[in-house]
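A short write-up of the structure that comes next.
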Amino acid sequence: MSGDRGAKKTLKVTLVRSTIGFNQKQALVVRSLGLRRIRHTIDVPDTPEVRGMIHKVRHLVTVE
């Protein structure tokens with residue numbers, strides 16, 4: 001058995017473009033991810049739900 005079984009994978013997401021001028025639903029997705037302002041970076045768990053949210057706003061964020 002591996003020693004890091006409880007370690008969760010995370011993604012580093014950074015908002016690089018403003019949500020102004022885009023669909024309101026996309027702005028809500030950005031807020032629900034926890035991003036507040038341009039160049040704000042957060043770590044989110046690597047789950048299918050989060051990946052779907054990132055895919056919806058992929059033109060506004062960068063992912064590492």
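Under the rule of at least 5 residues apart or a separate chain, name every residue whose amide H is placed under 5 Å from the amide H of Leu11. For Leu11, the qualifying residues are Val44, Asp46. Converting phi to 3J(HN,Hα) with the Karplus coefficients 6.51, -1.76 and 1.60 and the offset θ = phi - 60°, the range 50-62 yields 5, 4, x, 5, 5, 4, 5, 10, 4, 7, 10, 10, 10 Hz in sequence order, with x at every glycine or proline. With the alpha-carbon atoms of the chain aligned to their principal axes, the span from lowest to highest coordinate is 50, 20, 15 Å, starting with the largest. Between amide H atoms placed 1.01 Å from N, distances below 5 Å from Val61 occur with Val16, all of them 5 or more places distant or on a separate chain.
Between the beta carbons of Ile20 and Arg51, assuming R0 = 25 Å, the FRET efficiency works out to 0.50 to the nearest 0.05.
For the chain, the share of accessible area belonging to carbon and sulfur comes to 51 percent (1.4 Å probe, ligands and nucleic acids excluded).
The values are calculated or read from the model by the stated rules, or taken from the named source; none is laboratory data. Since we're looking at a predicted model, the values are computed, not measured. Backbone-built Cβ (ideal geometry, glycine too); neighbour counts: all protein chains shown. SASA here: full protein model, heavy atoms, side chains in, ligands and nucleic acids out. Shrake-Rupley method; radii C 1.70, N 1.55, O 1.52, S 1.80 Å.
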